[in-house]
Amino acid sequence: MNKRTPLHLVRAEPGPAHTATFDGVEIAVLPGQTVAAALWSAGVTAWRVTRGTGAPRGVFCGIGVCFDCLVTVNGRPNQRACLVRAEPGDDIRTQHGTGHDETSEPEGEGR
Ligand code: FES
């Protein structure tokens, strides 16, 4: 099988994976991966919902400029997933709206 992943293309040989959780589900994280890279590797492409319409968001620019990738890490909302390194045991959570009011719901829901 011809694997053409970014790791194979640059002949990277990362150390063994550690684990973190995303919304309570364990995911594998390679040393040095950002939260966004770890989530993508786990097949997760959206980890925030907008406060206005509840639209899903994930990585857009990938370089820390657009703030689309905001996520809650270890209880701290508004972390840019494309910049924050995933550490062993991190508790990564989907961010709803601003991340400061977990009871808020997108417009049109729950009414
Ligand atoms: S994807 Fe744009 S800031 Fe993270």
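None of the figures in this text is laboratory data; all of them are computed from the coordinates on show. Owing to the predicted nature of the structure, the values given are computational and were not obtained by experimental measurement. Reconstructed Cβ throughout: ideal geometry from the backbone, glycine too, with neighbour counts over all protein chains shown.
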Checklist outcome for this item: By the Kirkwood definition, with r running over pairs of different Cα atoms, the stretch 42-87 has a hydrodynamic radius in Å of 10.9
Checklist entry - Among C61, A17, I27, which residue has its Cα positioned farthest towards the positive end of the charge dipole of the chain, with +1 placed on the Cβ of Lys and Arg, -1 on the Cβ of Asp and Glu, and the dipole taken about the Cα centre? => result C61
Item to check | Kirkwood Rh in Å, taken over the chain so that all alpha-carbon pairs contribute | outcome: 14.7
Checklist outcome for this item: To the nearest 20 debye, the stretch 14-96 has a Cα-centred charge dipole, built from +1 on Lys and Arg Cβ and -1 on Asp and Glu Cβ, of 300
Next on the checklist: Give me I27, I63 sorted ascending by neighbouring Cβ count inside 10 Å, so fewest comes first.
Outcome noted: I63, I27
Checklist entry - How much length is gained if the chain between R11 and N74 is pulled fully straight, taking 0.36 nm per residue apart and subtracting their Cα-Cα distance, in nm to one decimal? => result 19.5 nm
Checklist entry - Whole-Hz Karplus ³J(HN,Hα) for the stretch 58-73, in order, using 6.51 cos²θ - 1.76 cosθ + 1.60 and θ = phi - 60°, x for Gly and Pro? => result x, 7, 10, 7, x, 10, x, 9, 8, 6, 6, 8, 4, 8, 9, 10
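Counting other beta carbons within 10 Å of each residue's own, what order do E13, E26, E87 fall into, fewest first?
On the way: E13 6, E26 10, E87 13.
In order of increasing Cβ crowding within 10 Å: E13, E26, E87.
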